[in-house]
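Worksheet for the structure shown next.
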């Protein structure tokens, strides 16, 4: 029997404090638009709806809807848990706004190889050799596990992916998950 495939929603993770960048990374212009909206545009062809995840004080006018982080200062897992709480019966294609090397082709591979019978579909991060949670599809079944990990104060989502039954894909290139965190790194994009 084939698994029931939940609808796929998209989430641009943009709730970080951007301390090293010295300005909100999600609002930095990239190809003429704020990076968080650029990420939404990248994932929207694959998703029924697309949202921006951020802290309450980061909500500004945008063509996209927002999901405000329920938890503070626990990292990107707050955005994922908040999205899953707001729409518990859908899967989430998440993309962190500081992952500039993720390509349309990589997103297409992720979506086309999605396994809805698993907790998530993710790439292996070539730098850490661990599942990359910030460019992944999180299935509804992972919601309970995510919430429980937050309650236990274990907020590293890659550790959680390692402990769950996930479909793991090889990353298309070695720098795909190198995040952009400083003005110097941004200047090379």
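Under 8 Å for C-alpha pairs, at least 6 residues apart: give me the relative contact order for segment 47-150, rounded to a whole percent. Provide the component values of the computation, followed by the final result.
On the way: 124 pairs, mean separation 24.2, N = 104.
Reported relative contact order: 23 percent.
Among 66, 123, the ranking by other beta carbons within 10 Å of each residue's beta carbon, starting with the fewest, stands as 66, 123. Projecting label points 7 angstrom from Cα along Cα→Cβ for residue 158 and residue 70 puts them 2.5 nm apart.
Neighbour counts of C-beta atoms inside 10 Å place 97, 47 in the sequence 47, 97, starting with the fewest.
Read-outs throughout are calculated quantities, based only on the coordinates presented, and are distinct from any laboratory measurement. Computed from a predicted structure; not experimentally measured. Cβ atoms come from the backbone with ideal geometry, glycine included; neighbour counts cover every protein chain shown.
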